[in-house]
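**Student:** Here you go, one structure.
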Amino acid sequence: MKSVKKWFALPLAALLIFLSACSDGNNGNSAGTVNNKEEAEGEPADTLSPITITMFSSQPNTQWEDMESPVGKKIKELTGVTLKPDYPVGDPMQKLSLMAASGEYPDLIFANNNVNTIINAGGLIDLTPLIEEHGPNIKKLYGDYLNRLRWSKDDPSIYFLGTYGVNEEQWEPRDGFMLQHEVVKELGYPEMKTVKDFENAIRAYMEKHPTIDGQPTLGLSLLADDWRIAQSVTNPAVFSTGGSDDGEWYIDDETKDPVIHYTRPEEKEYFKWLNHMFNTGLIDPDSFVQKYDQYKAKIASGRVLGLIDSEWQFREPEQALLQAGKPERTYGMYPIVLNENFKNRNFQSPGYSGGTGVGISTSAKDPVRIIKFLDWLCSEEAQILNNWGIEGEHYTVENGKRVISPEEMQKRITDPQYGKKTGIETYLYPFPEYGVGVKDSTGQTYKIDSKEQIIGKYTDIEKEVLKNYGATMWMDLYPKVDEFPVKPWGAAWQINIPQESEGAITMQKLNEVVRKRIPEMIMAKPEAFDGLWDSFQAELNAIGVPELEEQFQELLNERIEMFSE
């Protein structure tokens, strides 16, 4: 999923550190300046006639504001484009299947991991000639990675522009095991390396504080709502046993052999630990029935001590806790593993995969105008606008540097509706964007993030916690990026299994089995766990997982070969 960041309160001193981190230079591309003749080799955007571009996105955007925010209005002013998105209610695959069956599509489609459904139906056009003629900013943004947007070795078409930050430096952990700062502080900053350490901290604090603010304390709350089960329940099984984020796959660095990660005996021990946690009352009993909104509400109440999740899933309730003046109830992220035989690979680099993104449909009436808009989104002007906002309103330029005031930064950090109110970052994902750490022509970063600025956002208690663990940033607690090889296949979850193949059918069955059996095993009585695990493995074999692994091996080898060209 999308890479996102934590937002915490910013003291004034930290802003000064942030400014010193930005290189000197004249900001000749502030958000109010239009120069599309140079940037897009085409007609200036502000002279183009108004056009509405329809779009389907598989993932909802909680900050969508109908282009009525300051940034939204500026985009319409500069490009003439009004975006009209359609977000799914429920499973996006239902809507995508209806589109594919009817052959009628909106102008733009972001199908995420189900993009092969639309491609196999012939619903997306090859963007390669449009990029060549009208996409100078697209080519600049992706650089040498443009070839990684090709669909396959046999079909080198570029059907979509890959999302996620290009050339991104990772400065913060993205997913894992979280504990409230108040918990580790009260317990004297205990060692936090294994699941047993994590468990002991939760139990000790719960015993001392059975209620928080008059409500029952919850030790660990998990989220199994539809596809979100992967982020909170199933992916952590591979992360805590030495694997990196490859979706349903575990791939050995040396042999490059892929296996469905649930078949690994190491993960049996992880799920058995969750079963133990559930049966000893340390897991929220509603974990496997609660909806996402209920999960966020519990976190925002401050009574959930621990989480196992991706950071972007609980950003909003953390902001709510900060607004409520409860920074001690926000979370630190720890490199927890099953036991000390494993290393946490949160920072292992996949390079750039570009395995999902926005494509232009065969129903689009004006593909040239649309690709010009997408190219503008890749321009320096648009990237600064979408990350920083409007000069004079959301930032100023002082001595050639973009400066965000402490008051405005505080709003960015603590207001869950900041994107909706301003439009800042609302038009980035799932469109193309430069990654964290990439600098523009003035020497400043496109993103507001820098190591100094990230530290500046930490609350006082967060800094205190880190100091007591001998760290300055959360990344300091984790194994370093250079301890692992760059994955030559990128991210395996972005490798598409042909929809018409047996493997695609097996993968669908796999998802159904996993979403049913994993919660069943975790909630079972301890004495029933081993039998349920054996039945689970037999069911995986029966639906064709061994054959799926063989098929995926070929796709993986093809991806490695294609990426090495």
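**Student:** Could you tell me the relative contact order of the range 496-563? Use alpha-carbon pairs under 8 Å, at least six residues apart, and round to a whole percent. Present the calculation step by step, with values, prior to reporting the outcome.
**Tutor:** Values: 27 pairs, mean separation 30.0, N = 68.
It rounds to 44 percent for the range 496-563.
**Student:** Give me the extension gain from Arg203 to Asp155: residue separation times 0.36 nm, minus the current Cα-Cα distance, reported in nm with one decimal.
**Tutor:** Details: separation 48, 0.36 × 48 = 17.28 nm, distance 5.40 nm.
Length difference between fully extended and current span is 11.9 nm.
**Student:** Further, regarding this structure: Given a Förster radius of 41 Å and the C-beta distance between Glu269 and Val486 as r, what FRET efficiency does 1/(1 + (r/R0)^6) yield to the nearest 0.05?
**Tutor:** Details: r = 29 Å, r/R0 = 0.70.
Between Glu269 and Val486 the formula returns 0.90.
**Student:** Between Thr396 and Asp460, what's the calculated FRET efficiency when r is the beta-carbon distance and R0 is 35 Å? Round to 0.05.
**Tutor:** In this case the efficiency is close to 0.80.
**Student:** Are there GluC sites (Glu not before Pro) in the range 302-336 that DSSP puts in a loop and that have at most 15 other Cβ atoms within 10 Å, and which ones? Please list the in-between numbers first.
**Tutor:** On the way: sites: Glu311, Glu318, Glu328; in loops: none.
Sparse-neighbourhood loop GluC sites (Glu not before Pro): none present.
**Student:** Would you list which lysines come within 25 Å of Lys84, measuring only between C-alpha atoms, while excluding same-chain residues fewer than 8 positions from it?
**Tutor:** The reachable lysines, counting only those whose Cα sits under 25 Å from Lys84, are Lys2, Lys73, Lys74, Lys76, Lys95, Lys365, Lys372, Lys420, Lys421.
**Student:** Given a cut-off of under 8 Å on Cα pairs at least six residues apart, what relative contact order in percent is computed for the chain? If you can, show how the numbers build up before the last one.
**Tutor:** Details: 1013 pairs, mean separation 154.9, N = 565.
Relative contact order for the chain comes out at 27 percent.
**Student:** Mind checking which aspartates and glutamates have their C-alpha under 14 Å from Lys272, skipping anything on the same chain fewer than 8 residues away?
**Tutor:** Partners within reach: Glu199, Glu520, Glu527, Asp530, Asp534.
**Student:** So, in the range 449-564, how many Lys pairs have Cα atoms under 28 Å apart, if the pair is 8 or more places apart or on different chains?
**Tutor:** The number of close lysine pairs in the range 449-564 is 11.
**Student:** What distance in nm separates the simple spin-label points at Glu68 and Asn541, each placed 7 Å from Cα in the Cβ direction?
**Tutor:** Here the modelled spin labels are 5.9 nm apart.
**Student:** Run down the aspartates and glutamates and flag those whose C-alpha is under 17 Å from the C-alpha of Lys326, throwing out any fewer than 8 positions away in its chain.
**Tutor:** Those aspartates and glutamates meeting the cut-off are Glu182, Glu186, Asp213, Glu316, Glu318, Asp415, Asp460, Glu462, Glu464.
**Student:** Further question on the same structure: Taking the Cβ-Cβ separation of Thr82 and Ala297 as r and a Förster radius of 25 Å, what is the calculated FRET efficiency to the nearest 0.05?
**Tutor:** Numbers: r = 34 Å, r/R0 = 1.35.
For Thr82 and Ala297, the calculated efficiency is 0.15.
**Student:** Given only helices, namely DSSP H runs of n ≥ 4 each adding -39500 (n - 2.57), what is the per-residue ellipticity at 222 nm of the chain, to the nearest 500 deg cm²/dmol?
**Tutor:** Numbers: 22 runs with 220 residues, N = 565.
Calculated from helices alone, the mean residue ellipticity at 222 nm is -11500 deg cm²/dmol.
Rule-based calculations on the coordinates, nothing more; no lab input. Just so it is clear, the structure is predicted and the values come from calculations on it, not from any experiment. Positions of Cβ are generated from backbone atoms using ideal geometry, with glycine treated the same way; all protein chains shown enter the neighbour counts.
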